[in-house]
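K.L.:
One structure coming up, written as structure tokens, with questions to follow.
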């Protein structure tokens, strides 16, 4: 009988220049990429990663998976809105479990539906927030409402929305703000998650 994998939620994106400068101006794009890659390398062999497929993040996760010997179907669930069906990255085809949500009248409504289903339908044990823009802040608020007792970790060293979340919510773990050695950081965080800390 297979052991149920711990479900970890990832909310991440690389801010775009045409969006609010509070995200773009504080983002460390190298740190965002490094953090997503390190997070994937630590979580994927031992947990189940669930995220909404942002086009700047999905290719990074696909690249990590291709170098690892893990069952993609068991370890990854990708959510995607049909609103974006014509502009999805080619790497989406690599993932076996893709949950597609309905396209609504506009982009914002479509994203709201996808995020609500993704966060409400899964029993998450923790969430990680990396870089990001408005969507990362929205997903943080939805996650906290749906899973009030699950730990959340905004990786503030990557800047952008995750740093805003760290500051506004008065997080005290300085490693989230100052540590750029992401592999040992995520290894420690995952051990804490597994131990229910």
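K.L.:
If we scan the range 46-56, do we find a residue that is assigned to a helix (DSSP H, G or I) and either at pLDDT 95 or above or surrounded by 15 or more Cβ atoms within 10 Å (Cβ to Cβ) (or both)?
P.N.:
no
K.L.:
Based on this model, can you work out whether residue 31 counts as at pLDDT 95 or above and in contact with a helix residue (DSSP H, G or I) (Cβ under 6 Å, 6 or more places away or on another chain)?
P.N.:
Numbers: at pLDDT 95 or above: yes; in contact with a helix residue (DSSP H, G or I) (Cβ under 6 Å, 6 or more places away or on another chain): yes.
Taking the combined requirement at face value, the residue satisfies it.
K.L.:
May I pose another question? Would you pick out the residues in the range 84-98 that are buried (at least 16 other Cβ atoms within 10 Å of the Cβ) and either touching a strand residue (DSSP E or B) at 6+ places or on another chain (Cβ under 6 Å) or within 17 Å of residue 141 (Cβ to Cβ) (or both)?
P.N.:
Selection gives 95 alone.
K.L.:
Name the single residue that is surrounded by the fewest Cβ atoms within 10 Å (Cβ to Cβ) among those in the range 99-131 being more than 24 Å from residue 150 (Cα to Cα) and in contact (Cβ under 8 Å) with a residue 24 or more places away in the chain.
P.N.:
Here the answer is 107.
K.L.:
Select, from 31, 63, 38, the only residue that is out of contact with any strand residue (DSSP E or B) (no Cβ under 6 Å at 6 or more places or on another chain), farther than 21 Å from residue 152 by Cα and in a helix (DSSP H, G or I).
P.N.:
Matching residue, one of 31, 63, 38: 63.
K.L.:
Return yes when residue 93 is free of Cβ contacts under 8 Å to residues at least 60 places away in the same chain and more than 18 Å from the chain's Cα centre (by Cα) and no when it is not. Walk me through it before giving the result.
P.N.:
Values: free of Cβ contacts under 8 Å to residues at least 60 places away in the same chain: yes; more than 18 Å from the chain's Cα centre (by Cα): yes.
Spelling it out, residue 93 is indeed free of Cβ contacts under 8 Å to residues at least 60 places away in the same chain and more than 18 Å from the chain's Cα centre (by Cα).
K.L.:
Suppose we filter 185, 165 for residues that are closer than 18 Å to residue 30 by Cβ and in contact with a helix residue (DSSP H, G or I) (Cβ under 9 Å, 6 or more places away or on another chain); which single one remains?
P.N.:
One residue alone meets the criteria, 185.
K.L.:
A further question on this structure: For the range 12-27, indicate whether the set of residues that are in a strand (DSSP E or B), under 17 Å from residue 159 (Cβ atoms), in contact with a strand residue (DSSP E or B) (Cβ under 8 Å, 6 or more places away or on another chain) and in contact (Cβ under 8 Å) with a residue 12 or more places away in the chain is non-empty.
P.N.:
Step one: list which residues in the range 12-27 are in a strand (DSSP E or B), which gives 12-13.
From the residues that got through so far, the ones that are under 17 Å from residue 159 (Cβ atoms) too are 12-13.
Then drop every residue that is not in contact with a strand residue (DSSP E or B) (Cβ under 8 Å, 6 or more places away or on another chain), which leaves 12-13.
Checking which are in contact (Cβ under 8 Å) with a residue 12 or more places away in the chain leaves us with 12-13.
Looking through the range 12-27, at least one residue is in a strand (DSSP E or B), under 17 Å from residue 159 (Cβ atoms), in contact with a strand residue (DSSP E or B) (Cβ under 8 Å, 6 or more places away or on another chain) and in contact (Cβ under 8 Å) with a residue 12 or more places away in the chain.
K.L.:
Can you find, within the range 132-157, the residue that is surrounded by the fewest Cβ atoms within 10 Å (Cβ to Cβ) among those that are farther than 19 Å from residue 8 by Cα and touching a helix residue (DSSP H, G or I) at 6+ places or on another chain (Cβ under 7 Å)? Walk me through it before giving the result.
P.N.:
We begin by selecting, within the range 132-157, every residue farther than 19 Å from residue 8 by Cα; these are 133-134, 157.
Okay, now just the ones that are also touching a helix residue (DSSP H, G or I) at 6+ places or on another chain (Cβ under 7 Å), so 133, 157.
Working: 133: 21, 157: 24.
Here the residue is 133.
K.L.:
Follow-up question, since we're still on this one. Which ones in the range 90-107 are within 22 Å of residue 119 (Cα to Cα) and at pLDDT below 80?
P.N.:
Initially, the range 90-107 is screened for residues within 22 Å of residue 119 (Cα to Cα), giving 92, 95-107.
Selection gives 92 alone.
The values are calculated or read from the model by the stated rules, or taken from the named source; none is laboratory data. What you are looking at is a predicted structure, and each value in this text was computed from that prediction instead of being measured. Note: ideal-geometry Cβ built from the backbone for every residue, glycine included; neighbour counts use all protein chains shown.
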